[in-house]
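The values are calculated or read from the model by the stated rules, or taken from the named source; none is laboratory data. Just so it is clear, the model here is predicted, and its values are computed rather than measured. Cβ: placed from backbone, ideal geometry, glycine included. Neighbour counts: every protein chain shown. The area values use the complete protein model at the heavy-atom level, side chains included, leaving out ligands, DNA and RNA. Shrake-Rupley method; radii C 1.70, N 1.55, O 1.52, S 1.80 Å.
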Amino acid sequence: MSAGFQLGVIGSLALSVASSVAIVICNKALISTLGFPFATTLTSWHLMVTFCTLHVAQRLHFFEPKAIDGQTVILFGLLNGTSIGLLNLSLGFNSIGFYQMTKLAIIPFTVLLETIFLKKRFSESIKLSLLVLLLGVGIASVTDLKLNLLGSVLSGLAIATTCVGQILTNTIQKRLKVSSTQLLYQSAPYQAAILFATGPFVDQLLTNRSVFAHKYSAPVLGFIVLSCLIAVSVNFSTFLVIGTTSPVTYQVLGHLKTCLVLSFGYTLLHDPFTLRNALGILIAIFGMALYSYFSVREGKKKSANDALPVSQMPDKEAEPLLATKDSNDTKKANGLSHDC
């Protein structure tokens with residue numbers, strides 16, 4: 001793994017954390033303070049502004065658009081848009097604690113799907129670090145666990161669509177050799193379209209209020225514009241992180257954001273904060289540190305194995321080794337192998 005690639009990954013992770021924490025603080029002010037609770041509709045605006053920004057960027061030659069099979073990009077965009085709507089519905093029909101459990105379940109479900117369908121192997125060390133992470137986030141954020149049938153079904157659908165969507169984000173970029181920017185540019189209109197069509201109905205179902213009847217004061221409009229601008233960075237960094245790392249790493253990063261938001265909420269907004277929250281955050285950070293350490297260590301081992309000179313092998317084995325190496329590279333290019 002080259003130094004340039006490592007710096008790129010670190011940069012994408014930092015951008016994702018910073019932009020996500022910023023948009024959570026902005027949206028909290030918009031929803032809680034200014035009384036604008038229409039989260040699904042707001043997300044559709046986020047995606048439309050993201051598409052428009054990328055369209056201007058490609059017209060100015062900041063990146064070259066790449067054609068992607070129409071059916072693939074439409075289904076991918078609709079799937080991601082549906083997962084956002086289902087997550088919002090899950091939050092509306094479940095307790096906060098059960099919703100947090102839904103988000104926690106995304107990591108083990110993603111690991112399960114990648115193990116079964118992509119034949120990816122997760123070491124015992126990685127699994128242990130993920131378990132510590134989930135335990136910490138659970139202690140810090142999960143409170144009540146009230147169950148109901150509709151909420152449970154919505155949560156199950158949200159987990160499935162989110163996991164599949166994130167796995168496809170990684171797979172499509174590798175298989176079709178497209179950048180995160182190119183994929184986001186192609187898929188954003190379809191994600192926005194399904195949320196644009198369903199968002200007002202979902203929001204009215206959850207809030208008993210109409211987004212069309214809301215009084216749009218200057219502060220509300222200002223925070224909506226700010227939220228949309230920050231969302232461009234959030235959406236771009238999401239695709240970038242998943243493409244350069246893995247869906248599981250992105251979910252680990254997501255829980256780091258949760259811990260940071262809880263910490264910022266206490267220090268800046270004076271939200272209620274208990275010893276349990278603090279203990280959970282510390283355990284979660286320890287789990288993230290373990291995950292980072294084991295991921296880097298395994299990545300270095302893999303790089304060392306891949307860099308082993310053929311001259312060190314007996315001559316009669318050199319040709320089969322080259323053939324195997326080419327075969328593995330082809331699988332990686334086709335998205336059949338996903339390594340952190």
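Candidates Phe236, Phe223, Ser19 compared by Cα position along the dipole of the chain: farthest toward the positive end lies Phe223, with charges placed on Cβ.
Look at (i) 5, 24, 30, 25, 13, 3, 0; (ii) 5, 22, 34, 25, 10, 3, 1, 0; (iii) 6, 26, 36, 23, 8, 1, 0: the one that is P(r) over Cα pairs in 10 Å bins from 0, in percent derived from this structure is (ii). For region 141-267, the per residue solvent-accessible surface stands at 43 Å², with DNA, RNA and ligands left out and a 1.4 Å probe. Basic side chains Lys and Arg get +1 at the Cβ, acidic Asp and Glu get -1 at the Cβ, and with that the dipole of region 132-269 about its Cα centre reaches some 220 debye. Across the chain, the relative contact order, built from alpha-carbon pairs under 8 Å that are at least six residues apart, equals 35 percent. Relative to the dominant Cα principal axis of the chain, helix 70-93 is inclined by about 50°. With Cα atoms as the point set, region 172-288 shows a radius of gyration and Dmax of 18.4, 48 Å. Computed about its Cα centre, the charge dipole of the chain is approximately 180 debye, with only Lys, Arg, Asp and Glu carrying charge at their Cβ. Within the assembled protein chains, the solvent-accessible surface assigned to Met101 is about 80 Å², based on a 1.4 Å probe. A Förster distance of 22 Å, applied to the separation of the beta-carbon atoms of Ala289 and Ile10, puts the FRET efficiency at 0.90. Among residues other than Ala284 with Cβ under 15 Å from its Cβ, the summed charge is +3 (Lys and Arg +1, Asp and Glu -1).
The 1.4 Å probe gives accessible areas that order Lys66, Lys300, largest first, as Lys300, Lys66. Ligands, DNA and RNA aside, Arg276 has an accessible area near 120 Å² when probed at 1.4 Å.
Ordered by 1.4 Å accessible area with all protein chains kept, Asp69, Asp144 run largest first as Asp69, Asp144. Roughly how many percent of the accessible protein surface of the chain is carbon and sulfur, given a 1.4 Å probe and a whole-percent answer? It is 69 percent, rounded to a whole number. Along the axis of the charge dipole computed for region 12-119 (Cβ charges of +1 for Lys and Arg, -1 for Asp and Glu, origin at the Cα centre), the listed residues Val73, Tyr99, Phe36 are led at the positive end by Phe36. Per-residue ellipticity at 222 nm, computed for the chain from helices alone with -39500 (n - 2.57) per DSSP H run of at least four residues, works out to -27500 deg cm²/dmol.
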